[in-house]
Amino acid sequence: MDDLTVVQALAKTFDLELSDTEWTMLGQFLDLLAEANKRMNLTRIVDREQAWSRHVLDSLTLLPYIEAVEARHLLDLGTGGGFPGIPLAIVRPDLPVTLLEATGKKARYLAETVTTMGLENVTVLSERAETLGSPDGGGRGAWDVVTARAVGGMPVLLELALPMVTDGGLLLAIKGERAADEIEASAKALHILHATVETTARTPTGTIVAVRRAGPIPKIYPRRPGEPARAPIGGVPRDRR
């Protein structure tokens, strides 16, 4: 069987049903990623079948949560090679998706990919989350759903992401097997940032943590660029997923 046949069979374990056009576009995206990965470090996963599972299907595990809250605008924080933002944008062309990537060459690759694929619902921003989410950054409270995958430990991610979530909105984080430990270590950050872990769910590729913003974010957060990672709220080290 070819890689697409394998992944379509695997998708049934995710309860995913996509159109032929969506499968084709997702495959095109992986082609563009693989080509760009020869020039820059976008992913360590070079096996095509693994890329389908660990990148595409992993990204699409967020789809039920996004649909359940009837998301109106989504920010993918620290998108890197475009995950989970681009797969979600492909299967939800009606949803405005913003890809946030601080590294300039990665942001340029993302912009080129979006143009090549004709993804008119996608915007690329090359900016630090600490700057965009600051009181004068233009992105504070601007998105009802923020997604993130492998963007630091939970205390760091909470400080970076929650200021950009609307009050009452969701942060959807894809974490690893140690998600429960990360959540436990995030008690202080959750309290300070007025947020609660609404649900966690183990999937075939990771663990989804849904965090609800439930009040105002103190103006001092996020702190200056780099400081959340250097000194996380509660003193927890980086994600080791």
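Only the coordinates and a few stated rules stand behind these numbers; no lab work does. Every value quoted in this text rests on a predicted model; they were computed, and no experiment measured them. Virtual Cβ from ideal backbone geometry, glycine too; neighbours counted across all protein chains shown.
The table below lists the values:
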{"item": "Residue order, fewest to most surrounding Cβ atoms within 10 angstrom, among F14, F29", "result": "F14, F29"}
{"item": "Modelled FRET efficiency - R0 25 Å, E70 with D15, Cβ distances, 0.05 increments", "result": "0.85"}
{"item": "Fewest-first sequence of E35, E127, E159 by Cβ atoms within 10 Å of each Cβ", "result": "E35, E127, E159"}
{"item": "Cα long-axis angle, helix 104-117 against the chain (0 to 90 degrees, to the nearest 10)", "result": "40"}
{"item": "Footprinting exposure proxy for K105, K219 (fewest neighbouring C-beta atoms within 10 Å first)", "result": "K219, K105"}
{"item": "Point-to-point label distance, T24-T115, nm (Cα→Cβ direction, 7 Å offset)", "result": "2.4"}
{"item": "Euclidean distance between Cα centres, region 1-74 to region 187-221, Å", "result": "25"}
{"item": "Spacing of the two label points (7 Å from each Cα toward its C-beta) at R108 and I220, in nm", "result": "3.9"}
{"item": "Sequence-separation-based contact order of the chain, relative, with Cα cut under 8 Å and 6+ spacing, percent", "result": "17"}
{"item": "Rotationally averaged projected area of the chain (alpha carbon convex hull; nm²)", "result": "11.9"}
{"item": "Test item: Cα-centred dipole of region 61-230, Lys/Arg +1 and Asp/Glu -1 on Cβ, debye", "result": "400"}
{"item": "Anchor K105: lysines whose Cα lies under 25 Å away (excluding residues fewer than 8 positions away in-chain)", "result": "K38"}
{"item": "Estimated inter-spin distance, A180 and D31, nm [label 7 Å along Cα→Cβ]", "result": "4.4"}
